[in-house]
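We did not get these values from a lab; they are worked out from the coordinates using the rules stated. Nothing here was measured: the structure is a model prediction, and the numbers come from that model. Virtual Cβ from ideal backbone geometry, glycine too; neighbours counted across all protein chains shown.
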């Protein structure tokens, strides 16, 4: 289905607030993956 696209904007904003990043990646077999990365907390 199709949405308004707000979901990805919200995910990207939340990741950025936590010091992380969110990005879209095209899959070779078709479609997209969303990768969300967060920094590892200090031990």
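Scanning the range 1-24 for residues that are without any contact (Cβ under 8 Å) to a residue 24 or more places away in the chain, surrounded by 10 or more Cβ atoms within 10 Å (Cβ to Cβ) and out of contact with any helix residue (DSSP H, G or I) (no Cβ under 9 Å at 6 or more places or on another chain) yields 7, 9, 10, 12, 13, 14, 15, 16, 18, 19. For the range 25-43, a residue qualifies if it is without any contact (Cβ under 8 Å) to a residue 24 or more places away in the chain and not in a loop (DSSP other than H, G, I, E, B), and the qualifying residues are 25, 26, 32, 33, 35, 37.
Scanning the range 9-24 for residues that are outside any helix (DSSP H, G or I) and under 10 Å from the mean Cα position of the chain (by Cα) turns up 20, 21, 22, 23, 24.
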